[in-house]
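The values are calculated or read from the model by the stated rules, or taken from the named source; none is laboratory data. Everything quoted here is computed from the prediction, not taken from an experiment. A quick note on method: Cβ atoms are made from the backbone with ideal geometry, for glycine too, and the neighbour counts reach across all protein chains shown. Just the protein is used for accessible areas: all its heavy atoms, side chains included, with ligands, DNA and RNA removed. Shrake-Rupley method; radii C 1.70, N 1.55, O 1.52, S 1.80 Å.
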Amino acid sequence: MDGGDSVAMMTYFQEMQAANHNFFHSQWLDAEGRLKDVLWVDARSRAAYEEFGDVVCFDATYLTNPNDLPFVNFVGVNHHGQSILLGCALVSHEDCDTYRWVFRQWLHCMNDTPPKAILTDQAASMRKPLEEVMPTSQHRWCIWHIMYQYLKVELKKVVYESITVMEFENRWNALIVEYKLQNNDWLCDLYLERHMWVSAFMIHYFWVGMKTTQRVESINSFFDGFLTRNTKLYEFPQKYAAAMDKRVGDETDADAKCSKYIRRLVSGFSVEAVFQKIYTDTKFQEVQNECTRMMFSYPREEIQVSDTLIQYLIEDRVWVVPEGKSEDVITDRKMFYSATFNTETKVICCDCRKFETSGIICRHIIRILEHK
Ligand SMILES: [Zn+2]
């Protein structure tokens, strides 16, 4: 960093710390004592992490400024489904040493409480440091980076429509044979690392519904309008602060809207009324969406597995828009899900794992609840 730049950053940090002693910042100097890497976390982000720290997306793709310092972000999602910033850093290198330092400082700032799960891109320089610094966090690759290559449509089908690992393996093998891709190194490597990105391997973990870099895309819009490639480093703190204020305002507005306005029920299902009371408006809309789609799912078979356990086979329809076509050529296909209902504990578990992975009760479970 140039002299004026590091002074501007340090001044900003001092002001922030004076205003709130929970503001965290850390810097790494090179052998000559020059500022190399900086990481900082707002007091508000530290508080938000306590509530919304289950799943974190770590992104290093946001604009590289003219000084060639990547701007890396820790991003989470709040109860309104909005992206929230959980810390950021300007780094001098994209190597293991630098990321190790970033992860260590950030974790230290968050009271050494790692997230349950973390999403990153495929960079090898992040993988090892993450394993070392946060060994208990489930690490997942952002699928968008993987899908953004050829065979996109076919791969998407294999990945998203396979509920079980077995299903994925069968479809993958069929795809490889069909397109004669046995010698494709890229796909072979991806397959070896399938536990890092295929949904079927991830259904036991809570992801707040995060699958792709959707969070990162919206964190880009977080800073868009405030930061550009041409933002000088000395201007950076003010622009960053303005972006943060805007986001705080968005959350306050959403909170106010939720307390004033109650969305009307669309179905007669008792489940819907329960979530109307306990979820925010955005999350409640996701439940309503399931209620609406429930009209298309039917229990086809009911098997008494034991005295207290009933298994249901539920027929459902999924809609598919063929790649590159408009929405009026949507086709639908039948799919079957299996769900179990424990008559004693009243616990229902569905194959699709929507509740476990995103916190939204699925239409198959709603169907059984209504049925019983
Ligand atoms: Zn389900």
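Karplus-derived 3J(HN,Hα) values for region 188-202, using 6.51 cos²θ - 1.76 cosθ + 1.60 with θ = phi - 60°, are 4, 5, 4, 5, 4, 9, 4, 5, 8, 9, 7, 3, 4, 7, 10 Hz; glycine and proline are entered as x. Ordering 46-57, 16-27 by mean Cβ neighbour count within 10 Å, with the highest value first, yields 46-57, 16-27. On a per residue basis, the convex hull of the C-alpha atoms belonging to region 143-210 measures out at 86 Å³. Rounded to 0.05, the FRET efficiency of the L265 and H108 pair, given R0 = 51 Å and the Cβ-Cβ distance, is 0.65.
Rounded to a whole number of µm²/s, how large is the Stokes-Einstein D of the chain at 10 °C and 1.306 mPa s, given Rh as the Kirkwood radius over C-alpha pairs? Before the final figure, lay out each step's value.
Details: Rh = 23.2 Å.
Value of D from the Cα-based Kirkwood radius: 68 µm²/s.
Ligands, DNA and RNA excluded, the heavy atoms of E131 present near 110 Å² of accessible surface to a 1.4 Å solvent probe. Among the listed pairs K246/K277; K260/K372; K157/K283; K36/K239; K156/K346; K277/K354, those whose Cα-Cα separation exceeds 32 Å are K260/K372; K156/K346.
Rounded to the nearest whole Hz, the Karplus-based 3J(HN,Hα) values (6.51 cos²θ - 1.76 cosθ + 1.60, θ = phi - 60°) of region 162-170 follow the sequence 9, 7, 10, 4, 4, 4, 4, 4, 4, with x at glycine and proline. Highest mean first, the peptides 359-368, 287-296 sorted by other C-beta atoms within 10 Å per residue fall in the order 359-368, 287-296. Evaluated at q = 0.24 Å⁻¹, the base-10 log of the normalised Debye intensity for region 270-371, with identical point scatterers placed on the Cα atoms, takes the values -1.29.
Give me the percent of accessible area attributable to carbon and sulfur for the chain, probe 1.4 angstrom.
It is 52 percent, rounded to a whole number.
Computed over the alpha-carbon atoms, region 1-139 gives an Rg to Rh ratio of 0.95, Rh here being the Kirkwood radius from the mean inverse distance.
Do the sum for the chain: with -39,500 (n - 2.57) for every DSSP H run of n ≥ 4, divided by all residues, what is the mean residue ellipticity at 222 nm, to the nearest 500 deg cm²/dmol?
Details: 14 runs with 158 residues, N = 372.
For the chain, the value works out to -13000 deg cm²/dmol.
Provide the per residue accessible area, probe 1.4 Å, for region 270-371, rounded to a whole number of square angstrom. Mind dumping the intermediate values first?
Numbers: 5610 Å² over 102 residues.
Using a 1.4 Å probe on heavy atoms only, each residue of region 270-371 averages 55 Å².
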